[in-house]
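This structure is in structure tokens; I'll ask about it shortly.
None of the figures in this text is laboratory data; all of them are computed from the coordinates on show. The model shown is predicted, which means the values in this text are computed figures rather than measured ones. Cβ sites come from the backbone with ideal geometry, for glycine too, and all protein chains shown count toward neighbours.
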């Protein structure tokens, strides 16, 4: 069968090809009855608009992009992203747009941006001085930043990482622990704490504030910091490095649940009794946290809400030139069974 075109529809409907284009791309230009007439005929003839041609006409793709800092397989192995994407997806379904996952291209997030056919981006975990952000600015592409320090003119969604991290460390210290290992998010700047930014800097500041209340600091004997990828494998590798140290900790405080869970599994392989031999605290409150044994004490952040809010802000930015908004979502400590009280 020959492909149905707008010329066929125009002839059958007794209207111009321009009217057919308006009916699908800008229906406000036509009377509602005319739009219904044209679309009814198009449906009867089995016509569907060419998405590429349509985007060239409307200058819109009706797609949002999620700029991922890792390849898709690695990102989706972390339940954080599945929750975050669920939040974005709910908004996409409600407003009638699709979602494109945009991972690094040839190892570069910067190279991926020009190849993504989207109307705007949700950007996770990148700082404003990165080349990717500068490129989006130059191209005047709407975007919302998540988990980043942002200037006033860029819309953003963050959680109160400093407060959440402080609660986590205070809980461990209040239970008597003084030999504590921190599994930090991988910054690519291992050992250069003064150069940490964004989420990593905020959580570390929270830990530092809690330690100071007990007369301790990050450089105190018994306090060690290890960077690791926010993944199950990263948590396992971090545990092995921690356990090789001369002074082993009685508690591990991780900046992500998935790393904490990886470290817990590694501790079990070493035949440790948890939490008697080693206590754990995470950050995120992923669904998996409640099913670990023992149940993981962690800091709950509203991951799905964060994704939904970022998507709503991006949709609003695409529809109007409104002033950039900034949202800070609260955290709360969820106490389960993974932290022992020392005598």
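Please give the FRET efficiency for residue 337 paired with residue 193, using the beta carbon to beta carbon distance and R0 = 30 Å, rounded to the nearest 0.05. Don't skip to the answer; put the middle values down first.
On the way: r = 31 Å, r/R0 = 1.04.
Calculated transfer efficiency: 0.45.
When the chain is fully extended, how far beyond the present Cα-Cα distance does residue 265 get from residue 44, taking 0.36 nm per residue of separation?
Additional length available on full extension: 73.7 nm.
How tilted is helix 161-174 with respect to the longest principal axis of the chain? Cα atoms for both, answer in degrees (0 to 90, nearest 10).
Taking the Cα atoms of the chain, the angle to 161-174 is about 30 degrees.
Could the peptides 275-285, 119-129 be put in order, highest first, of the mean number of other beta-carbon atoms found within 10 Å of their residues? Could you put the intermediate results ahead of the total?
Numbers: 275-285: 24.3, 119-129: 20.5.
Final packing ranking: 275-285, 119-129.
Extension gain residue 149-residue 82, at 0.36 nm per residue separation less the Cα-Cα distance, in nm? It would help to have the intermediate numbers written out before the result.
On the way: separation 67, 0.36 × 67 = 24.12 nm, distance 2.32 nm.
Contour length minus the Cα-Cα distance gives 21.8 nm.
With everything on Cα atoms, drop me the angle between helix 198-213 and the longest principal axis of the chain, reported from 0 to 90° to the nearest 10.
Tilt relative to the chain: about 30 degrees.
Could you state the angle between the C-alpha long axis of helix 79-95 and the longest principal axis of the C-alpha atoms of the chain, as a value from 0 to 90 degrees rounded to the nearest 10?
Long axis of 79-95 versus the principal axis of the chain: about 30 degrees.
Once you place label points 7 Å from the Cα toward the Cβ at residue 318 and residue 31, how far apart are they in nm?
About 3.2 nm, to one decimal.
Write down the Å³ per residue value for the convex hull defined by the alpha carbon atoms of the chain. Intermediate values should be presented prior to the final figure.
On the way: hull volume 56.6 nm³, N = 343.
Dividing the Cα hull volume of the chain by its residues yields 165 Å³.
Can you pull the percent of Cα pairs in region 200-296 with separation above 17 Å?
Details: 2299 of 4656 pairs.
Distances greater than 17 Å cover 49 percent of the Cα pairs.
Name the most mobile residue of 111, 90, 11, meaning the one with the largest mean-square fluctuation, in a Gaussian network model of the chain with Cα contacts below 10 Å.
Greatest mean-square fluctuation among the candidates belongs to 11.
May I pose another question? Label points 7 Å out from Cα along the Cβ direction at residue 73 and residue 11: separation in nm?
5.1 nm
Moving to a separate point now. Counting each DSSP H run of 4 or more residues in the chain as -39500 (n - 2.57), what helix-only mean residue ellipticity at 222 nm follows after dividing by all residues, to the nearest 500 deg cm²/dmol?
On the way: 13 runs with 145 residues, N = 343.
Helix contribution divided over all residues of the chain: -13000 deg cm²/dmol.
In what sequence, highest mean first, do 146-156, 233-243, 24-34 appear when ranked by Cβ atoms within 10 angstrom?
Numbers: 146-156: 18.0, 233-243: 20.6, 24-34: 12.8.
Per-residue Cβ counts within 10 Å, averaged per peptide and sorted highest first, yield 233-243, 146-156, 24-34.
Using R₀ = 35 Å, calculate the FRET efficiency as 1/(1 + (r/R₀)^6) where r is the Cβ-Cβ separation of residue 212 and residue 137; round to 0.05.
E between residue 212 and residue 137, to the nearest 0.05, is 0.40.
Given 0.36 nm per residue, what is the gain on full extension from residue 326 to residue 272 after removing their alpha carbon distance, in nm? Could you put the intermediate results ahead of the total?
Working: separation 54, 0.36 × 54 = 19.44 nm, distance 4.40 nm.
The residue 326-residue 272 span can extend by a further 15.0 nm.
Follow-up question, since we're still on this one. Using a simple spin-label model with points 7 Å from Cα along the Cα→Cβ vector, what separation in nm is obtained for residue 174 and residue 98?
Distance between label points: 5.0 nm.
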